[in-house]
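Encoded as structure tokens, here's the structure I'll be asking about.
The values are calculated or read from the model by the stated rules, or taken from the named source; none is laboratory data. Since the structure is predicted, the reported quantities are computational estimates derived from the model, not experimental observations. Positions of Cβ are generated from backbone atoms using ideal geometry, with glycine treated the same way; all protein chains shown enter the neighbour counts.
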Amino acid sequence: MEKSLLIVFNERTPAAGVMPTIFVFLLVSIASLASVDAADSDPNPASISTTGPSAWGTYWKPFAVDSPWNSRPVAPVLGDFVIPKSDYYPLVGEGKYSLEIFLAKPNDGPVHITGLPGSKGLWDPDAEMHRDMITITHWPRDATPAEGTDGHADIVDPIKGIVHSFHKLKYEAGQWVASQYAWARIDGRGWGDPAHYFQGARAAGVPSMAGVIRKHEVNDGESIYRHALAVSLTFNALSSEPAYIFPATSADGNAAKTNFGKIPEGALLMLPDSFDAQQIRHPALRKVVETLKVYGAYVVDRNVGTPFYIYVENGSGFNLHRGGWNNAVAADLDRIRQELRQVVSTGGWIDGNDHLIVPAKNLNLLSMRGPWRIQSGNTQGTYDTWAQAVVFPETVVRTVQVNTTARNLQTVSWALPMSGTSYRLTAIASGGAKLRFQLRDKSSGKIVVDTSELGNGETVTFTWPERPVLLIVQAISGVGQVSTVRGELTAADRKSD
């Protein structure tokens, strides 16, 4: 009886403040700012449908119809780099370090999540700060983290329209704790954007549930999974530079020192049309192969020693080695490894409703994360990750606060502002709040771009300067009521790509 040890390694970026963690699967015989008080903040007050597995942007079919997860390429051109062999066979499956996805109900009550004992608090990579606590308004009664030390669990709240994604979630001493919390819109792209660049517990910045083969899909009678899959690679396959490409917005933090392959995170891997799926002997693996030929699999994380690992939801019953090690399955998995290639170009894209689309790449660059310093007034506004905005409490005096740390623009490699390019800034505000955006020449100290104060819906277009600049963002409160403000900064000379 052949035995196999699979170790999957998932390392967060240095910004996340999370130490490297090692996931171990033992396959024997089968080889098989302060507290977040804005818990009721809702970026979209309209409830998202919970009924029926046919609606996009739901627990059953996560993310938008034109999300990269739900789109398939037209005439993909594949690269020539072959995923190398490593210590173990490739794997498609569930396990201690996969996850289960839970659905919140309207009558599920709130739960408070704090940081791990002895830590600085709960790491919020979007705000780039440790929080004392967050409050999840609707917490499923059956929510259970995976048994492995990473404690993955994703919770879909259809009332808020949010996927809550946790790292190292635990219930101990009567309290829920975790090392990291991130979120994404269940009806969104399923990938980060330059402003909200970290939206889940995977290294690529995506929710852990994204691309996972779901329990309700395994035996649905279909010959193919109707979405791209999620896959991790190991060091000898992953590239160091670039460590990630669009649509990923992040990667493992020490990629430059440890990776020595040629495939970045965020890459789409596919099998060629010529790959004969009918030669795959196991029907469950054949369905995966058919999916890899049509949708492919996005690289979302790194593992140790496994050429590729495609994730399956826990509790699905998916097991390619049921009853013991299956040499035929192992051989087929290795044949898939030899043929799986990175997509280097496409002739277009088709969304989940079979419509030709141009994928959205002109995404918001401006975050309203802190730290903020009050210039005038006396009522501090705070960053609310769920609203993606600065929220001011009711005040009788106008407050002006400023951020000069450059943390408002995250350095997502494929979305850096380019000199000579025209950009459009639109203020999105309520309660009389306003936004001001300035660029100061680092050499002369002269203000070279000043939008002045922008109220809700007001827009300014400007050209990014040629010389290095310092970013200055001002958030200005309304008076007499709660007010909020954020901005949308996009390239002005292109619509989507």
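Somewhere in the range 281-293, is a residue touching a Ser or Thr at 6+ places or on another chain (Cβ under 8 Å) and either part of a strand (DSSP E or B) or crowded, with 18+ Cβ neighbours inside 10 Å (or both)?
Yes, because at least one residue in the range 281-293 is touching a Ser or Thr at 6+ places or on another chain (Cβ under 8 Å) and either part of a strand (DSSP E or B) or crowded, with 18+ Cβ neighbours inside 10 Å (or both).
Somewhere in the range 253-274, is a residue at pLDDT 95 or above, surrounded by fewer than 18 Cβ atoms within 10 Å (Cβ to Cβ) and aromatic (Phe, Trp, Tyr)?
yes
Then there is this: Give the residue that is farthest from Gly211 (Cα to Cα), with candidates limited to residues of the range 159-172 that are out of contact with any strand residue (DSSP E or B) (no Cβ under 7 Å at 6 or more places or on another chain) and not acidic (Asp, Glu).
For the range 159-172, the residue satisfying everything is Tyr171.
Okay, residues lined up against (1) touching an Asp or Glu at 6+ places or on another chain (Cβ under 8 Å); (2) of a type in the set (Ser, Thr, Tyr); (3) surrounded by fewer than 19 Cβ atoms within 10 Å (Cβ to Cβ):
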| site | (1), (2), (3) |
| --- | --- |
| Lys85 | yes, no, yes |
| Pro90 | yes, no, no |
| Pro106 | no, no, yes |
| Ile113 | no, no, no |
| Gly118 | no, no, yes |
| Ile134 | yes, no, no |
| His138 | yes, no, no |
| Arg141 | yes, no, yes |
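Ok, one more. With the structure loaded, tell me whether Leu425 is under 21 Å from Arg369 (Cβ atoms) and either among the polar types (S, T, N, Q) or at pLDDT 95 or above (or both) or whether it fails that test. Step through it out loud before you land on a result.
Working: under 21 Å from Arg369 (Cβ atoms): yes; either among the polar types (S, T, N, Q) or at pLDDT 95 or above (or both): yes.
Answer is yes for this residue.
Could I ask something else about it? Only one residue in Ser208, Ser223, Ser250 is at pLDDT 95 or above, more than 18 Å from the chain's Cα centre (by Cα) and in a loop (DSSP other than H, G, I, E, B), so which one is that? Explain how you work it out, then say what you get.
Values: Ser208 fails: more than 18 Å from the chain's Cα centre (by Cα); Ser250 fails: more than 18 Å from the chain's Cα centre (by Cα).
Checking each option against the conditions leaves just Ser223.
Sticking with this structure for a sec: Only one residue in Pro417, Pro393 is closer than 27 Å to Arg185 by Cα and loosely packed, with under 15 Cβ neighbours inside 10 Å. Which one?
Among Pro417, Pro393, only Pro393 is closer than 27 Å to Arg185 by Cα and loosely packed, with under 15 Cβ neighbours inside 10 Å.
Okay, residues lined up against (1) closer than 30 Å to Gln338 by Cβ; (2) modelled with pLDDT under 95:
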| residue | (1), (2) |
| --- | --- |
| Asp87 | yes, no |
| Arg131 | no, no |
| Ile134 | no, no |
| Gly148 | yes, yes |
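Looking at Trp183, Trp191, can you tell me which residue is surrounded by 22 or more Cβ atoms within 10 Å (Cβ to Cβ) and assigned to a strand (DSSP E or B)?
Going through Trp183, Trp191 in turn, the sole match is Trp183.
Moving on to the next point. Can you tell me which of Ile213, Ile186 is outside the structural domain of Ala248 (by TED's automatic domain parsing) and β-branched (Val, Ile, Thr)?
None of the other options fit; the residue is Ile186.
Now a separate question. So, Ile447, is that one in contact with a Lys or Arg (Cβ under 7 Å, 6 or more places away or on another chain), at pLDDT 95 or above and surrounded by 16 or more Cβ atoms within 10 Å (Cβ to Cβ) or not?
no
Which one is farthest from the chain's Cα centre (by Cα), of the residues in the range 226-247 that are buried (at least 24 other Cβ atoms within 10 Å of the Cβ) and β-branched (Val, Ile, Thr)?
Thr234
Taking the range 295-329 only, how many residues are crowded, with 19+ Cβ neighbours inside 10 Å and assigned to a helix (DSSP H, G or I)?
Qualifying residue count, the range 295-329: 1.
Follow-up question, since we're still on this one. Would you pick out the residues in the range 147-165 that are outside any loop (DSSP other than H, G, I, E, B) and more than 15 Å from the chain's Cα centre (by Cα)?
Once the filter is applied, which keeps residues that are outside any loop (DSSP other than H, G, I, E, B) and more than 15 Å from the chain's Cα centre (by Cα), the range 147-165 yields only Asp157.
Also, I was wondering about something else. Filter the range 348-392 for residues that are of a type in the set (Phe, Trp, Tyr), in contact with a Leu (Cβ under 9 Å, 6 or more places away or on another chain) and within 27 Å of Ser71 (Cβ to Cβ) and give the result.
Once the filter is applied, which keeps residues that are of a type in the set (Phe, Trp, Tyr), in contact with a Leu (Cβ under 9 Å, 6 or more places away or on another chain) and within 27 Å of Ser71 (Cβ to Cβ), the range 348-392 yields only Trp349.
For Ala475, state whether it is closer than 30 Å to Glu394 by Cα and under 30 Å from the mean Cα position of the chain (by Cα).
yes
Going by what's in this entry, would Ala277 be described as modelled with pLDDT of 95 or more, farther than 30 Å from Gln410 by Cα and in the same structural domain as Trp69 (by TED's automatic domain parsing)?
Yes.
Out of Gln474, Gln401, Gln380, Gln438, I need the residue that is of a type outside the set (A, V, I, L, M) and part of a loop (DSSP other than H, G, I, E, B). Which one?
Gln380
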